[in-house]
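See structure below.
The values are calculated or read from the model by the stated rules, or taken from the named source; none is laboratory data. Keep in mind that this is a model prediction, so the values were computed, not measured. Every residue, glycine among them, receives a Cβ derived from its backbone with ideal geometry; neighbour counts consider all protein chains shown. Ligands, DNA and RNA are stripped out before the accessible areas are found, and what is left, the full protein with its side chains, is counted by its heavy atoms. Shrake-Rupley method; radii C 1.70, N 1.55, O 1.52, S 1.80 Å.
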Amino acid sequence: MLLLSKPPLYLDTMCLPFPLSLPPLLLLLLLLSLPPSTTTATKTMLPSESETLFKIMESMSSDQPWRISHPTPCQPSPSWPGIECKIGKDNRPHVSRLDFGTPPNPSCKKTATFPSLIFSLPFLQSAFFFNCFTHTKTTLSVSQNRASSPASLQQLSLRSNLALSGPIPPQISDLKSLEILTLSQNRLSGPIPSEIFTLRRLIHLDLSYNVLTGTIPMQLGSLRNLQGLDLSYNSLTGSIPDTVGQLGLLQKVDFSSNQLTGSIPNGVEKLGLLVFMALSNNKLSGKFPKGLEKLQSLQYFILDGNPMHIPLPLEFGKLVKLQELRLADSGYSGTIPESFSQLKNLSTLSLQNNRLTGEIPVGFGSLSHIYHMNLSRNMLGGVVPFNASFLKRLGRNLDLSGNPGLCVSSSEAHSLKVGVNVCGSSDQIASPALPLKNSQAPSPSLLSIKPFFLYAVLCVLGLHHQMFLV
């Protein structure tokens with residue numbers, strides 16, 4: 001039998017990017033320089049990590065039999081919805097992101113409760129739970145064992161979970177790498193734990209739409225990297241801490257719809273990057289910060305629904321980037337400062353339901369970007385200083401009703417009904433914001449009879465006159 005000896009090195013010449021005719025030493029160097037073969041099997045996830053992941057998936061979602069459908073998590077095929085992985089230094093895949101509740105990610109079953117096991121995933125960077133915990137009552141819990149808290153977690157988001165209640169655990173401070181913490185539209189209660197303000201890497205903190213109580217901790221000022229802060233729609237009391245002025249990178253702050261008292265702290269003037277400030281529907285009063293005009297980046301200022309009971313500050317006219325200024329329902333008195341006419345970027349001005357007097361500044365007619373203006377229910381007087389094109393541009397977005405002393409010139413009266421009288425006339429122009437009730441509207445039958453009745457009277461008078469002439 002003839003035996004064929006196998007060559008010492010077998011190479012598939014069809015797969016090589018160079019000819020075999022090269023010198024042996026050069027050929028060897030080129031072979032060593034080639035990248036590893038793509039057919040080499042990638043290492044699988046550590047059994048302990050994959051087991052933790054399976055437990056999380058089984059407790060959260062019944063969309064699939066996860067162990068059977070995806071026995072090797074993070075493999076490129078088939079894809080696993082709601083999960084992202086990254087290759088670690090150990091050349092193994094690790095879970096870096098979990099996402100539940102928003103299609104095409106896994107839906108949450110009715111018995112789902114918050115899976116504190118996510119904090120046992122050592123390489124987890126982001127976790128999202130949207131509209132997941134809606135039936136079975138659950139709480140937010142963080143392991144008290146610091147060693148088990150992932151040092152990599154940067155973003156934690158729980159939104160619209162009506163069954164998520166109870167306090168925010170102080171142990172959340174163990175998540176030292178957190179940059180974004182969103183706990184919005186849940187039923188979380190109790191005070192804001194001061195420990196949360198030890199998360200020095202936080203860029204965005206959103207605790208809005210819960211039932212949180214107590215005061216805003218003074219430690220707020222320690223979050224020096226914070227750019228967005230939203231504590232709106234809770235039941236927070238006390239004053240706004242002056243330490244808010246230490247948040248030099250802050251761009252958005254929303255404390256609206258709480259029960260905050262006192263005045264706006266002077267420290268606010270240090271927030272030179274602030275773009276959005278909403279403090280509406282609280283119990284704030286008193287004077288504005290002396291350095292209000294320093295907020296040169298401010299574009300949105302929303303302060304309606306507070307018992308301010310002071311004149312409007314002239315300094316608002318120096319905030320030239322303002323696009324929205326809402327100061328309604330706050331008891332402001334005196335005249336509207338002429339300086340408000342300098343707000344050339346203003347698109348919305350809401351001053352309704354105050355005690356403002358005097359005339360509308362003439363310069364308001366030159367606000368070229370304005371599209372919504374509400375000055376209704378004040379004590380303004382004089383001639384409305386708007387021409388026909390201005391009235392037409394704003395249309396129904398202009399409300400001047402409820403100011404008995406205001407009137408519109410007869411030349412502009414035909415342009416649009418704006419809720420005020422025609423100058424020199426006692427005829428009332430119906431307000432678009434205050435439509436007549438059915439009981440107040442004239443009867444159609446009377447409207448049709450009245451012209452005929454007048455015609456008949458005139459005819460009788462005419463006939464009587466002719467009889468006397470004869």
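Per-structure values
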| item | result |
| --- | --- |
| Residue ID - surrounded by the fewest Cβ atoms within 10 Å (Cβ to Cβ), chosen from residues in region 277-312 that are under 18 Å from the mean Cα position of the chain (by Cα) and outside any loop (DSSP other than H, G, I, E, B) | Y300 |
| Residue within region 313-335 that is touching a residue at least 40 places away in the same chain (Cβ under 8 Å), under 23 Å from G402 (Cα atoms), open to solvent by 10 Å² or more (accessible area, probe 1.4 Å) and not in a strand (DSSP E or B) present | no |
| Elements of type strands (runs of 3 or more DSSP E) in region 184-276, at least 3 residues being farther than 22 Å from P169 by Cα | 252-254 |
| Residue check for N186: closer than 26 Å to F129 by Cα and in contact (Cβ under 8 Å) with a residue 24 or more places away in the chain | yes |
| Residues that are touching a strand residue (DSSP E or B) at 6+ places or on another chain (Cβ under 9 Å), under 13 Å from I240 (Cα atoms) and surrounded by fewer than 19 Cβ atoms within 10 Å (Cβ to Cβ), drawn from region 198-230 | G214, T215, P217 |
| Residues satisfying the stated conditions in region 175-189, i.e. in contact with a Lys or Arg (Cβ under 7 Å, 6 or more places away or on another chain) and among the β-branched types (V, I, T) | T182 |
| Selection status of P451, over 24 Å from L312 (Cβ atoms), modelled with pLDDT under 50 and surrounded by 15 or more Cβ atoms within 10 Å (Cβ to Cβ) | no |
| Which numbered condition N266 misses (of (1) under 23 Å from the mean Cα position of the chain (by Cα); (2) open to solvent by 60 Å² or more (accessible area, probe 1.4 Å); (3) of a type in the set (S, T, N, Q)) | (1) |
| The listed residue being farther than 22 Å from P313 by Cβ and aliphatic (A, V, I, L, M), out of V383, V362 | V383 |
| Some residue of region 135-148 being outside any strand (DSSP E or B) and closer than 23 Å to W66 by Cα | yes |
| Candidates S333, S347 - the one that is at negative phi, touching a Lys or Arg at 6+ places or on another chain (Cβ under 8 Å) and among the hydroxyl-bearing types (S, T, Y) | S333 |
| Hey, F114 surrounded by 15 or more Cβ atoms within 10 Å (Cβ to Cβ), touching a strand residue (DSSP E or B) at 6+ places or on another chain (Cβ under 6 Å), of a type in the set (F, W, Y) and farther than 24 Å from P191 by Cα or not | no |
| Filtered residue count, region 393-410, keeping only those that are at negative phi, modelled with pLDDT of 90 or more and open to solvent by 30 Å² or more (accessible area, probe 1.4 Å) | 5 |
| Residue, nearest to K294 (Cα to Cα), within region 232-243, restricted to residues that are open to solvent by less than 30 Å² (accessible area, probe 1.4 Å) and touching a strand residue (DSSP E or B) at 6+ places or on another chain (Cβ under 7 Å) | S232 |
| In region 142-159, the residues that are open to solvent by 20 Å² or more (accessible area, probe 1.4 Å), at pLDDT 95 or above and among the polar types (S, T, N, Q) | Q154, Q155 |
| Residue in region 369-378 that is more than 21 Å from I302 (Cβ to Cβ), open to solvent by 80 Å² or more (accessible area, probe 1.4 Å) and outside any strand (DSSP E or B) present | no |
| Region 270-293 residues that are at positive phi, paired with ones that are in a loop (DSSP other than H, G, I, E, B) (beta carbon under 6 Å, 6 or more apart) | N281/S256; N281/S257; N281/G305; G286/S263 |
| Boolean, Q185 is more than 21 Å from D230 (Cα to Cα), surrounded by 19 or more Cβ atoms within 10 Å (Cβ to Cβ) and in contact with a strand residue (DSSP E or B) (Cβ under 7 Å, 6 or more places away or on another chain) | no |
| Check on S173, open to solvent by 10 Å² or more (accessible area, probe 1.4 Å), among the small types (G, A, S), part of a helix (DSSP H, G or I) and more than 28 Å from T111 (Cβ to Cβ) | yes |
| Of all residues making up region 338-368, the number that are of a type outside the set (S, T, Y) and open to solvent by 10 Å² or more (accessible area, probe 1.4 Å) | 13 |
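Residue-wise test of (1) in contact with a His (Cβ under 9 Å, 6 or more places away or on another chain); (2) modelled with pLDDT of 55 or more; (3) aliphatic (A, V, I, L, M).
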{"position": "M1", "(1), (2), (3)": "no, no, yes"}
{"position": "L11", "(1), (2), (3)": "no, no, yes"}
{"position": "C15", "(1), (2), (3)": "no, no, no"}
{"position": "P19", "(1), (2), (3)": "no, no, no"}
{"position": "M45", "(1), (2), (3)": "yes, yes, yes"}
{"position": "E49", "(1), (2), (3)": "yes, yes, no"}
{"position": "P73", "(1), (2), (3)": "no, yes, no"}
{"position": "W80", "(1), (2), (3)": "yes, yes, no"}
{"position": "I87", "(1), (2), (3)": "yes, yes, yes"}
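To keep it simple, each residue is scored yes or no on (1) touching a helix residue (DSSP H, G or I) at 6+ places or on another chain (Cβ under 7 Å); (2) in contact (Cβ under 8 Å) with a residue 40 or more places away in the chain; (3) not acidic (D, E).
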| residue | (1), (2), (3) |
| --- | --- |
| N91 | no, yes, yes |
| V95 | yes, yes, yes |
| S120 | yes, yes, yes |
| T139 | no, no, yes |
| S143 | yes, no, yes |
| A151 | no, no, yes |
| R159 | no, no, yes |
| L162 | no, no, yes |
| S165 | no, no, yes |
